Amino acid sequence: MIARGSLTAQRLAGVFLLGWALFNYPFLYLFNRAETVAGIPMLYAYVFAVWAALIGMMAWVIERRRDKP
Amino acid sequence: MLQGWVIVVCSIAYLGVLFAIAWVGDKRADQGRSIIANPYIYALSLAVYCTTWTYYGSVGRAASTGIGFLPIYIGPTLIAALWLFVMLKIIRITKTHRITSIADFIASRYGKSQLLGGLVTVVAVVGVVPYISLQLKAVSNSFTILLHYPDIVMPAHSAAVPVLQDNTLYIALILATFTILFGTRHLDATERHEGMVAAIAFESLVKLVAFVAVGAFVTFGIYDGFGDIFERAARVPRLAALMTFENDAAHYGSWTSLTLLAMLSVTLLPRQFQIGVVENVNENHLRKAIWLFPLYLIVINLFVLPIALGGLLRFPDGGVDADTFVLTLPMAHRNELLALFVYIGGLSAGTGMIIVETIALSTMVCNDLVMPGLLRQRWWPLHRERDLSGLLLGIRRGAIVAILLLGYTYFRAAGEAYALVGIGLISFAAVAQFAPALIGGMFWKGGTRRGAVAGIVAGFAVWLYTLLLPSFAKSGWLPAAFLHSGVFGIELLEPQRLFGLSGMDETTHSLFWSLAANIGAYLWVSLARRGDVVETSQATLFVDVFRHTQAQVSTQFWRGSAQVGDLLPLIGRFLGPARARAAFERYARAHGADSLDDLHADADLVHFAESLLAGAIGAASARVMVSSVVKEEPLGMDEVMNILDEASQVRAYSRQVEQKSRELEIASRDLREANERMRELDRLKDDFVSSVTHELRTPLTSIRAFSEILLEDPRTELAERKRFLGIISAESQRLTRLVNQVLDMAKIESGKVDWQNTEIDLRVVIEQSAAATQALFRDRKVALSLELPDEVPLVCADRDRLIQVMLNLLSNAVKFVEPATGWVRVRLSGAGDMLRVDVEDNGPGIRAEDQARVFEKFRQGGDALTSKPQGTGLGLPISRQIVEHFGGRMWVESEPGRGATFSFTLPVCGPARAGAQ
């Protein structure tokens with residue numbers, strides 16, 4: 001299973017690294033401001049947007065592979 | 001007004017629903033129609049991660065730290081992305097070795113060590129039982145708050161209830177019953193608890209819906225959307241501060257350390273291990289759960305901040321504990337139904353955690369603490385008991401009750417003390433101590449038992465000193481001086497500023513020191529001395545779980561002699577004699593032995609028996625028990641290393657060989673298929689040639705016979721002569737027709753026909769064919785009638801070919817009906833975008849078994865032996881080929897004695913079809 005799905009596993013590892021970077025200093029620092037985006041504090045908006053994007057990417061990586069036999 | 005009895009009835013009704021779901025789940029599992037065998041239920045059940053600490057506590061944390069609560073859920077999201085590396089491997093190892101708990105896993109990895117299993121169990125119980133208390137406290141608090149509706153009174157200010165009137169005790173007892181009923185049905189812990197999982201998945205759904213409902217109520221009911229809440233909160237300086245981080249290293253540090261802590265906890269908490277690994281039905285469910293579980297987490301966190309800010313705006317004076325906002329906000333707005341629903345949601349979050357955690361802990365306590373202890377007792381002749389399965393179940397059930405009562409007692413004792421309130425993260429930090437031994441052991445063969453013990457002991461001790469004891473001190477159970485000056489007044493040993501390390505929050509501080517001590521000791525001791533034989537072989541089996549064919553390798557590490565007569569009773573004592581016998585018989589059948597007597601007690605069987613036993617009493621005890629009845633010859637370290645070396649060399653070679661043989665296999669399969677195709681074609685050709693020659697010979701024979709008569713007997717009378725010549729002429733014509741049709745057939749089959757496609761009116765085709773065969777019908781006195789609609793769509797086809805088809809059908813029909821009484825009817829009808837032609841007759845009909853064969857080449861209706869052939873046997877096959885070429889279909893319906901109807905369809909001319917052609 002590892003061998004067959006290794007590309008998927010590696011892509012997911014990529015998602016992990018991306019998430020780890022985006023959810024830590026200094027990226028977090030960039031968005032740690034008192035301004036708001038569409039009425040929502042920028043830090044909240046950033047965290048939830050990144051979070052949702054990560055989940056979307058994980059779903060995409062996993063479900064995509066199933067289409068092909 | 002919410003009466004107390006309403007709340008009680010609702011709670012009991014809810015728990016009743018849980019029982020019902022679990023009961024149905026177990027029933028369905030027994031019938032083999034599992035309701036939990038899909039990734040959605042699996043992902044939902046994983047959400048047992050979200051306890052009341054999430055449900056009520058997240059809002060509380062958010063109210064004091066802003067987004068500081070989020071790492072607890074971001075961590076699991078991140079680690080989920082690595083599940084294909086970590087979780088999948090844990091699941092595979094667990095299934096291969098029939099592991100029953102995280103203690104069993106670690107014990108098994110390090111040479112099936114009883115010491116390690118017991119150690120892990122102790123750490124888990126100390127770390128997690130207070131967490132169970134926290135759930136009971138949350139349930140109890142929410143009940144008390146709801147009871148005072150519509151007033152909002154904090155539980156701390158309400159009068160304490162005596163134990164026997166405390167409904168929390170009854171909830172604990174009901175949960176104990178539930179856990180015993182659905183958690184200890186079988187002995188074999190690797191047999192999953194499907195009913196329990198179904199109930200947990202349902203609980204996850206309830207708490208999610210309840211939380212989202214209250215979130216939506218606060219955000220859109222009380223306020224005017226997210227923007228509105230944030231805008232109002234921004235005007236209050238204290239709340240505005242919650243919207244950003246303080247920009248210092250400590251805050252980023254604790255954010256990161258919490259993320260890491262949550263990543264470890266979601267893998268290592270006993271309940272997560274139970275649900276995610278032991279109860280996993282199918283490895284493939286993990287894939288979908290990788291994104292479904294984080295999806296659940298983000299949804300349940302979406303409204304935490306709005307509720308926290310909404311609560312702080314509504315209760316600005318701090319009289320209401322932020323942990324209760326989820327419940328008190330609907331209450332403050334007099335929405336009693338929603339408040340009740342929120343309470344049920346909290347109940348589901350609490351009970352879900354308690355049930356799973358208790359099952360997991362009771363398995364550990366039984367297998368890794370009590371059983372090894374009992375097996376050691378010399379005074380109790382355990383080996384004389386014939387059936388211990390009842391005792392085992394009793395121990396497990398006792399453990400469940402004990403754990404729940406322990407949790408309840410701690411809850412009563414601790415009350416509002418810090419030691420209980422802060423237990424969430426303290427508990428996480430305790431189970432994080434398993435990480436080096438477990439994760440290290442899975443990927444690094446060098447980790448040894450001594451290393452693992454040293455790591456866990458060191459980590460646990462530091463955790464105790466820097467996190468748990470200080471929480472006791474803050475609760476007033478230890479002198480406060482302990483916090484500030486440490487033991488013996490040595491300032492360097494100050495528990496929460498160990499060696500002077502300051503500027504971190506207490507969890508980060510403890511996590512840093514405990515993991516440093518843990519990893520350090522684990523590596524140092526592991527590297528200092530090599531592990532023994534069993535450890536080394538187990539290490540290989542764990543680390544290379546995806547490479548080995550497990551059965552082969554694990555038996556390589558065992559040498560000795562055993563008797564089936566010893567093993568079977570041993571297993572029977574723990575599993576029950578009947579179940580053990582059944583399992584052995586299954587094994588015997590799978591290995592080609594007719595009965596148990598024929599079974600050879602080889603390494604394979606010993607391994608099978610041991611893993612069977614491991615499912616019931618844990619790997620460590622199983623090993624002790626099995627080695628008590630078999631004579632094992634210890635393998636030397638050199639031999640083990642040799643096996644491993646060989647294994648790794650063989651692996652390298654075998655990978656290459658595998659690759660090559662896969663390629664070869666593919667190539668030879670292609671060749672085989674091509675050959676198959678050619679042979680089939682060859683056979684068809686032979687069949688065809690022999691049929692053709694046979695058909696040609698019949699007319700030739702009669703031509704030859706009659707011409708020889710004429711040649712040899714010149715005195716034949718003129719009338720006779722004429723008759724013979726007539727036969728010769730007719731047979732020659734038949735021969736010509738046959739040859740033409742064979743050529744025709746060959747042309748169609750090879751695709752060399754020049755199709756003249758035009759738009760044609762089928763009515764015209766039918767009328768022309770009828771006219772052409774008119775003479776034939778008149779000669780045989782057969783009536784021909786046409787039923788043609790007034791208007792039909794055109795079809796795209798070759799006119800001459802269609803006339804050929806019609807002529808064939810008509811001449812067939814007229815040939816087979818009785819003269820004088822026979823009739824033939826042609827009907828044209830349209831259905832959708834197809835036109836249909838039926839040619840019906842009242843002839844003798846075709847037997848059902850012949851109906852398909854009339855379309856085969858040279859097959860004719862009727863018995864070829866008794867009746868004289870009346871056609872060439874190619875007319876219908878050609879007709880069918882023609883119709884199919886134009887995208888239609890041809891078939892026959894008939895009942896013997898009632899005539900036959902030959903029908904075909906043709907698609908109507910349309911732009912789509914023209915394009916397709």
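By average Cβ neighbour count within 10 Å, what is the ranking of A:47-59, B:77-89 from highest down? Display every interim value, and only then the final one.
Working: A:47-59: 18.6, B:77-89: 23.2.
Per-residue mean Cβ counts within 10 Å order the peptides as B:77-89, A:47-59.
The H on the amide N of A:Ile40, modeled in the peptide plane, is under 5 Å from the matching H of no residue at least 5 residues off or on a different chain. Measuring r between the beta carbons of B:Lys815 and B:Phe688 and using R0 = 30 Å, the FRET efficiency lands at 0.80.
Net charge in the neighbourhood of B:Val277 (other residues with Cβ under 14 Å of its Cβ; Lys, Arg +1, Asp, Glu -1) is +4.
What is region B:552-628 by shape, rounded, prolate or oblate, if you read a ≥ b ≥ c off the alpha carbon gyration tensor as root eigenvalues and call it rounded for a/c under 1.5, prolate for a/b larger than b/c, and oblate otherwise? Taking the square roots of the gyration eigenvalues as a ≥ b ≥ c, region B:552-628 is oblate. Using the 1.4 Å probe convention, the accessible area of region B:249-310 works out to 18 Å² per residue with neighbouring protein chains retained.
Over chain B, the fraction of Cα-Cα pairs per 20 Å bin, rounded to whole percents and listed from the shortest bin up, is 12, 31, 19, 18, 16, 5, 1, 0.
Return the FRET efficiency for the residue pair B:Leu711, B:Val739: r is the Cβ-Cβ distance, R0 is 30 Å, and the value is rounded to the nearest 0.05. Plugging the Cβ-Cβ distance into 1/(1 + (r/R0)^6) gives 0.80.
Region A:20-69 and region B:451-526 have their alpha-carbon centroids 35 Å apart.
Approximating the spin labels as points 7 Å out from Cα along Cα→Cβ, the B:Leu664-to-B:Lys631 distance works out to 4.4 nm.
Region B:24-82 and region B:202-265 have Cα centres spaced 18 Å apart. Partner lysines whose Cα lies under 29 Å from the Cα of B:Lys27, excluding those fewer than 8 positions away in the same chain, are identified as B:Lys95, B:Lys207, B:Lys288. Surface composition of region B:552-628: carbon and sulfur make up 48 percent of the accessible area, probe 1.4 Å.
The mean count of C-beta atoms from other chains within 10 Å of the C-beta of residues in B:838-848, rounded to a whole number, is 0. Remark: the B:Val17-B:Asp790 segment gains 271.5 nm on full extension, using 0.36 nm per residue and subtracting the alpha carbon distance. Given R0 = 22 Å, the distance between the Cβ atoms of B:Lys95 and B:Arg581 translates into a calculated FRET efficiency of 0.40.
So for each of B:391-398, B:509-516, B:357-364 I average, over its residues, the number of other beta carbons within 10 Å; can you give me the resulting order with the highest mean first?
The peptides rank, most packed first, as B:357-364, B:509-516, B:391-398.
Chains B and A: what accessible area do they bury, summed, in square angstrom to the nearest 100, with a 1.4 Å probe? Don't skip to the end; give the middle numbers.
On the way: alone 41730 and 5650 Å², together 43730 Å².
So the buried area, both faces added, is about 3700 Å².
Working note: 222 nm ellipticity from helices only, DSSP H runs with n ≥ 4, each -39,500 (n - 2.57), summed and divided by the residues of chain B, gives -21000 deg cm²/dmol to the nearest 500.
The slack in the chain from B:Ala746 to B:Val153, taken as 0.36 nm per residue of separation less the alpha-carbon distance, amounts to 203.9 nm.
Note down the net charge around B:Thr324, summing +1 for each Lys or Arg and -1 for each Asp or Glu among other residues with Cβ under 15 Å from its Cβ.
Around B:Thr324, the charge tally is -2.
Sorted from longest to shortest, the spans of the Cα atoms of region B:724-863 along the three principal axes equal 50, 42, 33 Å.
Between B:Ala730 and B:Leu700, the contour length at 0.36 nm per residue exceeds the Cα-Cα span by 9.7 nm.
Peptide A:44-53 is shielded by partner chain Cβ atoms: per residue, an average of 4 of them sit within 10 Å of its Cβ. Taking the Cα centre of region B:260-403 as reference, the dipole from Cβ charges on Lys and Arg (+1) and Asp and Glu (-1) amounts to some 480 debye.
When a/c reaches 1.5 or more, the comparison of a/b and b/c decides; with that in mind, is region B:251-320 rounded, prolate or oblate per its Cα gyration tensor?
On the way: a/c = 2.67, a/b = 2.00, b/c = 1.34.
Note, shape of region B:251-320 comes out prolate.
Averaged over the residues of peptide B:87-95, the number of Cβ atoms from other protein chains lying within 10 Å of each residue's Cβ is 1. Modelled label positions at B:Ser64 and A:Leu17, each set 7 Å beyond Cα in the direction of Cβ, lie 3.8 nm from each other.
Kindly give Rg over Rh for the protein assembly as shown, based on alpha-carbon atoms, with the Kirkwood expression for the hydrodynamic radius. Mind showing how you got there, number by number?
Numbers: Rg = 41.4 Å, Rh = 34.9 Å.
Ratio value, two decimals: 1.19.
The label point for B:Val8 and the one for B:Glu336, both projected 7 Å from the Cα toward the Cβ, are 1.7 nm apart.
Shape call for region A:6-67 from the C-alpha gyration tensor, a ≥ b ≥ c root eigenvalues: rounded (a/c under 1.5), prolate (a/b greater than b/c) or oblate? Don't skip to the answer; put the middle values down first.
Working: a/c = 6.32, a/b = 2.05, b/c = 3.08.
Oblate, because a/c is 1.5 or more while a/b does not exceed b/c.
Protection proxy ranking, highest mean first, for peptides B:783-789, B:710-716: B:783-789, B:710-716, where packing is the per-residue count of other beta-carbon atoms within 10 Å, averaged.
The values are calculated or read from the model by the stated rules, or taken from the named source; none is laboratory data. From a predicted model like this one, the values you see are computed outputs, not experimental measurements. Cβ: placed from backbone, ideal geometry, glycine included. Neighbour counts: every protein chain shown. Ligands, DNA and RNA are excluded from the accessible area calculation, which covers all protein heavy atoms including side chains. Shrake-Rupley method; radii C 1.70, N 1.55, O 1.52, S 1.80 Å.
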